[in-house]
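Data first, discussion second: the structure below is written as structure tokens.
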Amino acid sequence: MIRGPHDPRAVAVVDPGDAAPVMAALAAEGLRLEAILATHHHADHVGGVAELVAATGARAFGPARERIPVAVEHMAGGASARVESLGLEFGVIDVPGHTAGHIAYAGHGALFCGDTLFSAGCGRLFEGTADQMLASLDALAALPDGTQVFCGHEYTEANLRFAAVVEPRNSAIMDYVKRAAALRAEGAPTLPSTIGLEKRVNPFLRSRHEDVKSAAEYRAGRSLPTPVAVFAEIRSWKDGFR
Ligand SMILES: [Zn+2]
């Protein structure tokens, strides 16, 4: 849920998979839902959109190239989702890979990236190619280091277990493992992360790093000459990692 700078009672939500908790929060805090930002078509991200639009009249923004179960304002890379009543405007970035038409929203020092970038991980390649996903992650990594990263899921601890296997000598990962464990033990989220932190710990943003390349080549049993080949190997390694 995003609160705008003008009116503390006017809010937007990102990827409401379920309307009920949003409606409960609106009622509990006396808030008015002005806008919904959807990143991709999966039900756990858009399952609540139709009900929320019907109940509140909020404007809904969604990916131009995907089918969402309610009419939305179609957004594609380079467009911007402007919510005047909230005083907010988010630039849209095309980030295909997890799904074919996945988009992310960036603005006001924040990134809402759905299932493209997770803290210390990335989304599975359900509809896109490794090439596309690496380009999408590179586009997100190009945002300023201080950008707060609001991912679609809290998968940080599981992702860090994998990251630590890929890069056992990376002390930033080891520090983050401890910090994430402490936060989760208190019932607190690890999110938002930041682009700067992700560049230090996320193996999927580090396909060009020598240690990540060596680990991927060792697992593949052959040389991996390009960052895409390294990325694809790390992604398939993670798919089978428990
Ligand atoms: Zn998804």
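Miscellaneous remarks
- Selection from the range 97-110 of residues that are of a type outside the set (Val, Ile, Thr), buried (at least 24 other Cβ atoms within 10 Å of the Cβ) and away from the ligand (no atom under 12 Å from the Cβ): ALA104, TYR105
- The single condition among (1) buried (at least 20 other Cβ atoms within 10 Å of the Cβ); (2) of a type in the set (Val, Ile, Thr); (3) more than 16 Å from the ligand (Cβ to nearest atom) that VAL177 does not meet is (1).
- Of the set (1) under 21 Å from the mean Cα position of the chain (by Cα); (2) away from the ligand (no atom under 16 Å from the Cβ); (3) of a type in the set (D, E, K, R), all apply to ASP115 but (2).
- Restricting ALA79, ALA19, ALA64, ALA35 to those that are of a type outside the set (Phe, Trp, Tyr) and touching a Lys or Arg at 6+ places or on another chain (Cβ under 7 Å) reduces the list to ALA35.
- Enumeration of residues in the range 84-96 that are surrounded by 22 or more Cβ atoms within 10 Å (Cβ to Cβ) and either more than 16 Å from the ligand (Cβ to nearest atom) or among the polar types (S, T, N, Q) (or both): LEU88, PHE90, VAL92, ILE93
- Just one of the listed residues (LEU205, LEU183, LEU143, LEU117) is of a type in the set (A, V, I, L, M, F, W, C) and either without any contact (Cβ under 8 Å) to a residue 40 or more places away in the chain or surrounded by fewer than 19 Cβ atoms within 10 Å (Cβ to Cβ) (or both), and it is LEU183.
- Residue in the range 60-74 that is within 16 Å of the ligand (Cβ to nearest atom) and closer than 13 Å to VAL14 by Cα present: yes
- Search result, residues across the range 120-138 that are more than 16 Å from the ligand (Cβ to nearest atom), closer than 13 Å to PHE204 by Cβ and open to solvent by 40 Å² or more (accessible area, probe 1.4 Å): ALA135, ASP138
The values are calculated or read from the model by the stated rules, or taken from the named source; none is laboratory data. Note that this is a predicted model, so its numbers are computed, not measured. Every residue, glycine as well, gets a Cβ built from its backbone with ideal geometry; the counts of neighbours run over all protein chains shown. SASA here: full protein model, heavy atoms, side chains in, ligands and nucleic acids out. Shrake-Rupley method; radii C 1.70, N 1.55, O 1.52, S 1.80 Å.
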